[in-house]
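The block underneath contains the structure these notes are about, expressed in structure tokens.
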Amino acid sequence: MRPNLNGAARDILIVSPSLKKFQVKAVLPALEKAAAAGAAVTIRTRPPESCPPAQCAAAARSIALPTDRGTRVEAKEGLPYRYAVIDRSIVWYGDMNYLSYNAREANALRFESPDIAGELLEAWADGGEFEQLRMEP
């Protein structure tokens, strides 16, 4: 995903239910580069309060790291999906946590589709619930 982040010109949206400092730090240079080039960078994650009590402070620090570097971080309860949309056309979608730890068998598909990217971007735009994507042949 990093090569796509480095080349982002318009915007980046990463939806990752949890953030871990190590993974955020690994992606941060690419996010900063994109932001410096004029791309709007947004991360959506769960609020730190939704973590187990022993992990709340670490979650808050992980959220603060990109926020302190100019990335917009939005917190929302629930957040069951994991995906990234880059420049409103490149989509990474699967069960991979882009900014957290992953299971060995985690995977993601990368494809280019402005239509599906638009569906994913609109899914949360009005604050509504995420509906199943309508994929048509």
Which one of 26, 36 is within 26 Å of residue 103 (Cα to Cα) and either surrounded by 15 or more Cβ atoms within 10 Å (Cβ to Cβ) or not aromatic (Phe, Trp, Tyr) (or both)?
-> 26
Would a scan of the range 42-57 turn up a residue that is under 18 Å from residue 98 (Cβ atoms), assigned to a loop (DSSP other than H, G, I, E, B) and of a type in the set (A, V, I, L, M, F, W, C)?
-> yes
Inspect the range 93-111 for any residue being touching a residue at least 12 places away in the same chain (Cβ under 8 Å), under 15 Å from residue 12 (Cα atoms), assigned to a strand (DSSP E or B) and in contact with a Ser or Thr (Cβ under 9 Å, 6 or more places away or on another chain) and give the result as yes or no.
-> no
Per the list (1) of a type in the set (Gly, Ala, Ser); (2) modelled with pLDDT of 90 or more; (3) not in a helix (DSSP H, G or I), residue check on residue 118 breaks on (3)
Which of the residues spanning the range 43-64 are within 29 Å of residue 87 (Cβ to Cβ) and buried (at least 18 other Cβ atoms within 10 Å of the Cβ)?
-> 43, 44, 45, 46, 59, 62, 63
If we keep only residues of the range 39-78 that are among the small types (Gly, Ala, Ser) and touching a strand residue (DSSP E or B) at 6+ places or on another chain (Cβ under 8 Å), then the residue modelled with the lowest pLDDT is 70
Among the residues of the range 52-103, how many are under 16 Å from residue 27 (Cβ atoms) and of a type in the set (Phe, Trp, Tyr)?
-> 4
Restricting the range 88-108 to residues that are among the hydroxyl-bearing types (Ser, Thr, Tyr) and within 12 Å of the chain's Cα centre (by Cα), the residue that is surrounded by the most Cβ atoms within 10 Å (Cβ to Cβ) | 98
Output the number of residues of the range 4-62 satisfying the condition of being touching a residue at least 60 places away in the same chain (Cβ under 8 Å) and among the hydroxyl-bearing types (Ser, Thr, Tyr).
-> 2
Could you run through the range 96-118 and say how many residues are small (Gly, Ala, Ser) and out of contact with any strand residue (DSSP E or B) (no Cβ under 8 Å at 6 or more places or on another chain)?
-> 3
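The values are calculated or read from the model by the stated rules, or taken from the named source; none is laboratory data. Predicted model, so just to flag it, every value in this text is computed and none were measured. Backbone-built Cβ (ideal geometry, glycine too); neighbour counts: all protein chains shown.
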